[in-house]
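This report concerns only the one structure given below.
The values are calculated or read from the model by the stated rules, or taken from the named source; none is laboratory data. Every value quoted in this text rests on a predicted model; they were computed, and no experiment measured them. Every residue, glycine as well, gets a Cβ built from its backbone with ideal geometry; the counts of neighbours run over all protein chains shown. In case anyone asks, the SASA skips ligands and DNA or RNA and just uses the protein heavy atoms, side chains included. Shrake-Rupley method; radii C 1.70, N 1.55, O 1.52, S 1.80 Å.
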Amino acid sequence: AAGLGNPAVRREGGARFLSFDGRAFVPIKGMVFEAAQRITSLSVEVWFRTSFRDAGRWWANWAFVDFGRSQQFNFFVRADDCRLHVGAPDGVSMDFYEAAGPPLCDGRWHLATFTLATGGALSIYRDGAPSPLNRQPHGNVGGGERRYGFVGTGSEASTYNGARNARRYTGDIGSVRVHAGTLSPREVRHNYVVTRCTYSSEYSCGDDPW
């Protein structure tokens, strides 16, 4: 049964995914971001589906992936305008998000992606296409305290499956991929095209209409 630390495993068609009820979470094994080491190259891809909205609390539905927003980084869909958001400290600010685009809290599957390159160059993609951002980081991000990660909640963890905060995600997550390198726009698009048939009968995998 779904509950604290135990998302429900579900199937629809060819998709097998985890369903998060606003209490569940999953600790991420085998990955830690160390203190005082800035992140110079990173890519995160998440297939997700949610209908959760909260107009007064943009932060109310995090996170897809969380290694500590104020220490390293997190990635989530905002609950107010339902756009994608990366939280990561750059020494000046820590919130970078889509500046335009229709809401993604529409009960349909979407691929959310962000990439970081040396110098703090950040890109956010929805369904394989790049989005305009509110601003760019002032440099490489992260480098705060040591953090282990979670799917479905906010991390305060300096050890595996350690401390969490009160943030929780409500919705479904089909897959989470964290890459040490920076995916190119072509690679982001490719990854969307070859996996979308798992989550939507509208497309065949590899059948790119662009």
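Annotations
- Largest first, the residues 49, 57, 186, 23 sort by 1.4 Å accessible area into 186, 23, 57, 49.
- A Förster radius of 30 Å, combined with the Cβ-Cβ distance separating residue 204 from residue 163, puts the computed FRET efficiency at roughly 0.10.
- Scaling against 2.2 N^0.38 Å puts the C-alpha radius of gyration of segment 56-210 at 1.03.
- For the peptides 139-145, 42-48, the ranking by mean Cβ contacts within 10 Å, running from highest to lowest, is 42-48, 139-145.
- Sulfur and carbon atoms: percent of accessible area, segment 6-97 [1.4 Å]: 46
- Annotation: per residue accessible area for segment 88-210 equals 45 Å², rounded to a whole number [probe 1.4 Å, protein chains only].
- Once the chain from residue 175 to residue 135 is taken as fully extended at 0.36 nm per residue, the excess over their C-alpha distance is 11.7 nm.
- Measuring only protein heavy atoms, the 1.4 Å probe finds residue 21 accessible over about 60 Å².
- More than 15 Å apart - percent of Cα-Cα pairs taken over segment 37-100: 52
- Three-way shape call for segment 1-113 based on the alpha-carbon gyration tensor, with the a/c threshold at 1.5: oblate
- Sequence-separation-based contact order of the chain, relative, with Cα cut under 8 Å and 6+ spacing, percent: 28
- Charged-residue dipole, Cβ positions (Lys, Arg, Asp, Glu), segment 76-165 about Cα centre, Debye nearest 20: 160
- Counting heavy atoms of the protein chains alone, residue 124 has an accessible area of about 0 Å² for a 1.4 Å probe.
- Ordering 87, 121, 194 by Cα displacement along the dipole of the chain toward the positive end leaves 87 in first place; charges were set at the Cβ atoms of Lys, Arg (+1) and Asp, Glu (-1).
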